[in-house]
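Taking it in order: structure first as structure tokens, then the write-up.
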Amino acid sequence: MISEITPALALATLTYGGPASKWRHEAMRSHATPRLIHITKGQGRITVAGLTNGYGPNNLIYIPGGTIYGLEVGPTVFGQIMTLPDGDDWPDAPFHLRLLDVAPQKELQSYMEAVERELQPGGDQRAANCHLGLLAIFVERQLAARDPGTIDKRRDSAAGRLVARYSSMIARDFASDRSVADYAAALKVTPTHLTRVCQQSCGRSALKLLNDRIHYEACVLLRDTLKPVQDIAQNLGFKSPAYFTRCFQEKAGMTPSDFRRSSGGQSRI
């Protein structure tokens, strides 16, 4: 269950929104199509497919469709998130490029600005797609030129593969009412081992990764739809609206109805 319809090419600003909007970035989420994150200022941490890394200025991070991720966005952070309509010209796996030289930094910025310009009123979608193609070629060359010593080997380790498989299962089945024990059984490991691997890889337990994904979906549905709270609870696998409300309040500090009002979300008619 993924919340949005397959989108067109789009570009959004990534900035700090205060404590009340932490869920918009930090809660685990996944999308039907890829995302490309360009950080231009500030630093923090990002978790992609169960692995956490630090990020800083001139970092480019790719999130394939269906991949769970969440990132810290502090007061000094500024960047952009590009929604890609498909992943045809992009890798199957996540990547994290740290551009250290000025020339590629400027080249990347020029492609991002060109896409943004053509997405504005008066721009041309065809031109935006052409600039996106050039950006894809730029990324391909940067990946090929990477120093092998800078590549994160954790993703190819047994632990990295396990947490990636677990993250992929969460992205697909988070609303199915499956427990961590159910996921662990499907992965042929014990819940204790799965939790330990997740904690080591991203500083979150297996249960927190799962609950984060559910919480993000709940927030989106409360903000963007007219669905009654009891329907949202049922859609997300909760056995009762009361239990959903209690879990949501523990995480958000307010009830689902209060969250809907405070976020400017839809109200039930």
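Values quoted throughout were computed directly from the atomic coordinates according to the rules given, and no laboratory measurement underlies them. Model, not experiment: these values are computed from the prediction. Cβ: placed from backbone, ideal geometry, glycine included. Neighbour counts: every protein chain shown.
Could you give the nm distance between label points at Ala20 and Arg196, where each point is 7 Å from its Cα heading toward the beta carbon?
4.3
Tell me, what is the FRET efficiency for Ser262 and Asp101 to the nearest 0.05, using R0 = 51 angstrom and their Cβ-Cβ distance as r?
For R0 = 51 Å, the calculated efficiency reads 0.70.
So if R0 is 30 Å, what FRET efficiency would Glu116 and Thr150 give, r being the distance between their Cβ atoms, rounded to the nearest 0.05?
It comes out at approximately 0.60.
Using only the Cα atoms of region 10-91, build the gyration tensor, take square roots of its eigenvalues as a ≥ b ≥ c, and label the shape rounded, prolate or oblate: rounded if a/c is under 1.5, else prolate if a/b is larger than b/c, else oblate.
In terms of gyration-tensor shape, prolate.
How many percent of Cα pairs in the chain exceed 34 Å?
21
If I stretch the segment between Gln43 and Ala93 completely, what's the gain in nm (0.36 nm per residue apart, minus their alpha carbon distance), one decimal? Walk me through the numbers on the way to the answer.
On the way: separation 50, 0.36 × 50 = 18.00 nm, distance 2.29 nm.
Once the chain is fully extended between Gln43 and Ala93, it gains 15.7 nm.
In 10 Å bins starting at zero, report the fraction of Cα pairs in region 10-150 per bin as a rounded %.
Spelled out bin by bin, region 10-150 gives 11, 43, 37, 8, 0 percent.
Could you list Asp101, Asp224 so that the one with the fewest beta carbons within 10 Å of its beta carbon is first and the one with the most is last?
By the 10 Å Cβ count, ascending: Asp101, Asp224.
I need the calculated FRET efficiency for the pair Ser176 and Leu226, taking r as the beta carbon distance and R₀ as 22 Å, to the nearest 0.05. Write down the numbers at each step before the final one.
Values: r = 24 Å, r/R0 = 1.08.
Efficiency, from the Cβ-Cβ distance: 0.40.
State, to one decimal in nm, how far the label point of Ala32 lies from the label point of Thr255, with both points 7 Å from Cα in the Cβ direction.
Reported label-point gap for Ala32 and Thr255 is 3.3 nm.
Which value in deg cm²/dmol, rounded to the nearest 500, describes the helix-derived mean residue ellipticity at 222 nm for the chain, given -39,500 (n - 2.57) per DSSP H run of n ≥ 4 and division by the residue count?
Calculated mean residue ellipticity at 222 nm is -14500 deg cm²/dmol.
With the chain treated as a Gaussian network of Cα nodes joined by springs under 10 Å, which of Leu236, Leu134, Leu97 yields the largest mean-square fluctuation?
Leu134
Between Ala242 and Ser168, what is 0.36 nm times their sequence separation minus the Cα-Cα distance? Round to one decimal in nm.
Extending this stretch completely gives an extra 23.8 nm.
Based on the Cα atoms of region 92-213, what semi-axes does the equivalent ellipsoid have, where each is the square root of 5 times one gyration tensor eigenvalue, given in whole Å with the largest first?
Three semi-axes, in Å: 38, 20, 11.
List the DSSP H helices in the chain whose Cα atoms stretch 15 Å or more along the helix axis and whose mean Kyte-Doolittle hydropathy is at least 1.0. All intermediate terms of the calculation are to be shown ahead of the outcome.
Values: long enough: 102-119 (26 Å, -0.64); 125-144 (29 Å, 0.49); 158-173 (22 Å, 0.08); 191-202 (16 Å, -0.46); 206-224 (28 Å, 0.13); 241-252 (16 Å, -0.61).
Result, helices passing both filters: zero.
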